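S.K.: Please read through the structure below; I'll follow up with questions.
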Amino acid sequence: MKVRYRAAAGMAVLALAVSACGGGGGEAKKPSAEQSQQAQQQMSQTPAISVNPVAYDQVKDGGTLTLAVGQWPSQWNGNHVDGNQADTADMLDAIMPQPVSFDEEANYSPNPDYLTDLKNDMTSGKQVVTYTINEKAQWSDGTPITWKDFEAAWKINSGENKKFKPASTDGWDRIESVVKGDSDKVAIITFAKPYPEWMGLFSRSPHLYPAAHMTDPEKYEKDYLQKIPVTSGPFKVEKIDEGTKTLTLVRDDKWWGKKAKLDKIIFRAIESPEAQVNAFANGELDGVEIPSGAPAELKRAKEVPNVDIRKALSPNWRHFTVNNASEILKDKNVRHAVSYGINRDVITQSDLKDMDWPLQTLGNHVFMNNHKGYVDNSGDLGKYNLEKAKQLLDQAGWKQEGEYRKKDGKELELRFVIPSGTPVSQTEGELTQAMLKEAGVKVTIKTVPLDKFFTDYIIKGDFDLVPFSWIGTPLPIGSLSQIYKTGSESNFPKGSDPAVDAAIEAAVSEMDPAKAIEKANAADKLIWDMVHTIPLYQRPDIQATKKTLANWGARGYKSYDYSIIGFTG
């Protein structure tokens, strides 16, 4: 299955996979120079987008698009940390506003369905952004979309009122005011401190929601809990079926934009990649994601008649989160030992074997391998070094006694928490278990219910090590505050370092793009030292679709326009 977690700067996904488990870390092999060169060449040949682009007038009218998601949400409020899942965002794209959209090269523009103008200026030394809202833009209950909805988004995400639980306050906490302009259709946002990635605030991370359902803490918690009362998009909700975990959308006749080509969109929750690909092969789905670590599923999908395998580079990456607040891992020497004791190359090769994807380990928490800002900042900590791991554990007072180490009579045991239905996580756990055993660390794999994985374990910090994938956005620097800054709701391992916080502040405040990249890389080096997160690789974006499906697939950075998605035959 794929589990996705979403946030202002990023989302998260649990990948699915079925891959063989190898031996311990001692058998690990670093990719040769030739393999690394091949990976780089393969990366350069992978496109930024693959969606079968077809002009609107050439897409046929009508039809039903059926897709799968891995995790079924209970909280449909994307502003809420519990609703911050990428699967949820994917379903909301067709029914909730994205005032700012992005193309495949990560360039932003105002979405004309919601905005007729968008200006970013410096006024009296302060950054001021003016959103002019489309006069026709309205919510499905007939209420106009106004500046009040923009103001509500700021208030619930700024972090000021602790009754709200935003996935990220990044950017929102820099806003000084949101006021009405010449009319209710003009929102003027003034920033107390410059924010270079301002264009990401009112996009899909999160989508815009109606103020009437957000500003009261109780409504914020409950109005979108297991229901979607108000929408605004080319489609509307026909039915949410909790029993079958199915969302059915139909055209919204009140939509003022281009009439949607499709009659209906159905999202079905199907946990395992094998079951998803089987459903695709049986004609039950029109498109399906092939996650990392699923070579059998990729092979099966390729054998489906009239299939199109669409691949693109994306800002998504696989990693292990390391709980800085757990009893054992709060010792930085132990975290360093864990980092040295895990062979990232072996896990990357295991996950990506036979996936037709570059076998390239990721050395950065901010920028992907193909991004112009990418620098490998992993240093020694990113390299497998069993002897160094043992030395650090000795220094931390954990002495080898039999198979495992002990300290004050307690065994050195770490919980590697994984979601049910995710074979890739199981394999990663088994590899990590074998590797760290060689250093005297006992790793216990704990499988928990898929739908409880984030809400009951990751968000609550009930883990030592946990694997999932961050689903990025076109604005990677914004993820720094969201994921790594002290006190952020999405700082799941509760990592805290004043030096890291200061470096993040410098990066996210820098208006010069080149200097911002330089400062983000400086922050990344400190994050590596903190061992907050252990990056593995840039995650594949591989979609198997019917050949006739147009304007959908491996989209990379691009925002979907659901009004033009449909079929050509």
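S.K.: For Ser490, state whether it is part of a loop (DSSP other than H, G, I, E, B), buried (at least 22 other Cβ atoms within 10 Å of the Cβ) and touching a residue at least 60 places away in the same chain (Cβ under 8 Å). Break it down into steps so the answer makes sense when it comes.
M.R.: Details: part of a loop (DSSP other than H, G, I, E, B): yes; buried (at least 22 other Cβ atoms within 10 Å of the Cβ): yes; touching a residue at least 60 places away in the same chain (Cβ under 8 Å): yes.
So Ser490 fits the description; yes.
S.K.: Filter the range 493-518 down to residues that are closer than 24 Å to Lys460 by Cβ and assigned to a loop (DSSP other than H, G, I, E, B), then give me how many there are.
M.R.: The qualifying residues number 5.
S.K.: Here's another thing I want to ask about it. So Pro47 fits all but one of (1) assigned to a loop (DSSP other than H, G, I, E, B); (2) at pLDDT 95 or above; what number is the exception?
M.R.: Status for Pro47: all satisfied but (2).
S.K.: Now for a different question. Residue by residue through the range 281-312, note down the ones that are surrounded by 20 or more Cβ atoms within 10 Å (Cβ to Cβ) and at positive phi.
M.R.: Gly293, the sole residue that qualifies.
S.K.: Could you look through the range 102-119, keep only residues that are at pLDDT 95 or above and in a strand (DSSP E or B), and pick out the one that is farthest from Trp198 (Cα to Cα)?
M.R.: Start the filter on the range 102-119 by keeping residues that are at pLDDT 95 or above, which leaves 109-119.
Okay, now just the ones that are also in a strand (DSSP E or B), so 109-110, 115-119.
Working: Ser109: 12, Pro110: 13, Leu115: 15, Thr116: 18, Asp117: 15, Leu118: 12, Lys119: 11 Å.
Going through the qualifying residues, I end up with Thr116.
S.K.: Pro206 fails exactly one of the following numbered conditions: (1) within 30 Å of Phe492 (Cα to Cα); (2) in a strand (DSSP E or B). What is the number of that condition?
M.R.: (2)
S.K.: Using the structure shown, decide if Lys446 is at pLDDT 95 or above and over 16 Å from Asn323 (Cβ atoms).
M.R.: Details: at pLDDT 95 or above: yes; over 16 Å from Asn323 (Cβ atoms): no.
Spelling it out, it is not the case that Lys446 is at pLDDT 95 or above and over 16 Å from Asn323 (Cβ atoms).
S.K.: Determine the pairs where a residue that is over 19 Å from Ala312 (Cβ atoms), located within the range 37-61, has a partner that is of a type in the set (Ser, Thr, Tyr) with Cβ atoms under 9 Å apart, the partner being 6 or more residues away or on another chain.
M.R.: Tyr56/Ser563; Gln58/Thr568; Val59/Thr568; Lys60/Thr548; Lys60/Thr568
S.K.: Which of the residues that make up the range 457-475 are of a type outside the set (Gly, Ala, Ser), buried (at least 24 other Cβ atoms within 10 Å of the Cβ) and outside any loop (DSSP other than H, G, I, E, B)?
M.R.: Ile458, Leu465, Val466, Pro467, Phe468, Trp470, Ile471
S.K.: Same structure again: Is it true that Asp345 is of a type in the set (Asp, Glu), in a helix (DSSP H, G or I) and under 30 Å from Pro513 (Cα atoms)?
M.R.: Values: of a type in the set (Asp, Glu): yes; in a helix (DSSP H, G or I): yes; under 30 Å from Pro513 (Cα atoms): no.
Here the answer is no, as Asp345 does not meet what is asked.
S.K.: Tell me, which residue of the range 80-135 that is surrounded by 19 or more Cβ atoms within 10 Å (Cβ to Cβ) and among the small types (Gly, Ala, Ser) is nearest to Leu249 (Cα to Cα)?
M.R.: Ala94
S.K.: What about Trp317, is it modelled with pLDDT under 95, surrounded by 20 or more Cβ atoms within 10 Å (Cβ to Cβ) and not in a loop (DSSP other than H, G, I, E, B)? It would help to see each step written out before you state the result.
M.R.: Details: modelled with pLDDT under 95: yes; surrounded by 20 or more Cβ atoms within 10 Å (Cβ to Cβ): yes; not in a loop (DSSP other than H, G, I, E, B): yes.
Judged against the criteria, Trp317 is a match.
S.K.: Considering the range 252-268 alone, what residues qualify as being of a type in the set (A, V, I, L, M) and either touching a Lys or Arg at 6+ places or on another chain (Cβ under 9 Å) or in the same structural domain as Thr143 (by TED's automatic domain parsing) (or both)? Working first, answer last.
M.R.: Residues of the range 252-268 of a type in the set (A, V, I, L, M): 260, 262, 265-266.
Scanning the range 252-268 gives Ala260, Leu262.
Here is a yes/no grid of residues against (1) touching a Gly at 6+ places or on another chain (Cβ under 9 Å); (2) surrounded by fewer than 17 Cβ atoms within 10 Å (Cβ to Cβ); (3) touching a residue at least 24 places away in the same chain (Cβ under 8 Å):
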site	(1), (2), (3)
Asn324	yes, no, yes
Ile328	no, no, yes
Asn343	yes, no, yes
Val346	yes, no, yes
Asp351	yes, no, yes
Asp354	no, yes, yes
Trp357	no, no, yes
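S.K.: Among the candidates Ala520, Ala499, which residue alone is modelled with pLDDT of 95 or more and surrounded by fewer than 18 Cβ atoms within 10 Å (Cβ to Cβ)?
M.R.: None of the others qualify; the one that does is Ala499.
S.K.: When residues of the range 552-569 are filtered for being farther than 23 Å from Arg251 by Cα and outside any loop (DSSP other than H, G, I, E, B), how many remain?
M.R.: Counting residues in the range 552-569 that are farther than 23 Å from Arg251 by Cα and outside any loop (DSSP other than H, G, I, E, B) gives 1.
S.K.: Would you check which residues across the range 498-538 are within 30 Å of Ser350 (Cα to Cα) and of a type in the set (D, E, K, R) and list them?
M.R.: Those that are within 30 Å of Ser350 (Cα to Cα) and of a type in the set (D, E, K, R): Asp524, Lys525, Asp529.
S.K.: Kindly evaluate Asp184 against the criterion of being over 23 Å from Ala506 (Cβ atoms), touching a residue at least 24 places away in the same chain (Cβ under 8 Å), in contact with a Phe, Trp or Tyr (Cβ under 9 Å, 6 or more places away or on another chain) and assigned to a loop (DSSP other than H, G, I, E, B). Steps first, please.
M.R.: On the way: over 23 Å from Ala506 (Cβ atoms): yes; touching a residue at least 24 places away in the same chain (Cβ under 8 Å): yes; in contact with a Phe, Trp or Tyr (Cβ under 9 Å, 6 or more places away or on another chain): yes; assigned to a loop (DSSP other than H, G, I, E, B): yes.
Taking the combined requirement at face value, the residue satisfies it.
S.K.: Which of the residues spanning the range 212-262 are in a loop (DSSP other than H, G, I, E, B), among the hydrophobic types (A, V, I, L, M, F, W, C) and closer than 30 Å to Gly62 by Cβ? So that I can check it myself, show each step before the final result.
M.R.: Going through the range 212-262, the residues in a loop (DSSP other than H, G, I, E, B) turn out to be 214-216, 223-224, 226-234, 242-245, 252-262.
If we keep only those that are among the hydrophobic types (A, V, I, L, M, F, W, C) too, we end up with 214, 228, 230, 255-256, 260, 262.
Residues satisfying the conditions are Ile228, Val230, Trp255, Trp256, Ala260, Leu262.
S.K.: Report, by residue number, each residue of the range 217-247 that is under 26 Å from Leu285 (Cβ atoms) and free of Cβ contacts under 8 Å to residues at least 12 places away in the same chain.
M.R.: Within the range 217-247, Lys239, Asp241, Gly243 meet the criteria.
S.K.: Filter the range 411-443 down to residues that are in contact with a helix residue (DSSP H, G or I) (Cβ under 6 Å, 6 or more places away or on another chain) and surrounded by fewer than 20 Cβ atoms within 10 Å (Cβ to Cβ) and give me whichever is modelled with the highest pLDDT.
M.R.: The selected residue is Glu438.
S.K.: Please enumerate the residues belonging to the range 519-551 that are in contact with a Gly (Cβ under 6 Å, 6 or more places away or on another chain) and not in a strand (DSSP E or B).
M.R.: Met530, His532, Thr548
S.K.: Another question, if that's okay. Quick one: Met96 ticks every box in (1) in contact with a helix residue (DSSP H, G or I) (Cβ under 7 Å, 6 or more places away or on another chain); (2) closer than 28 Å to Pro273 by Cβ bar one, so which box is it?
M.R.: Failing condition for Met96: (1).
The values are calculated or read from the model by the stated rules, or taken from the named source; none is laboratory data. These numbers were taken from a predicted model, which means no experiment stands behind them. Positions of Cβ are generated from backbone atoms using ideal geometry, with glycine treated the same way; all protein chains shown enter the neighbour counts.
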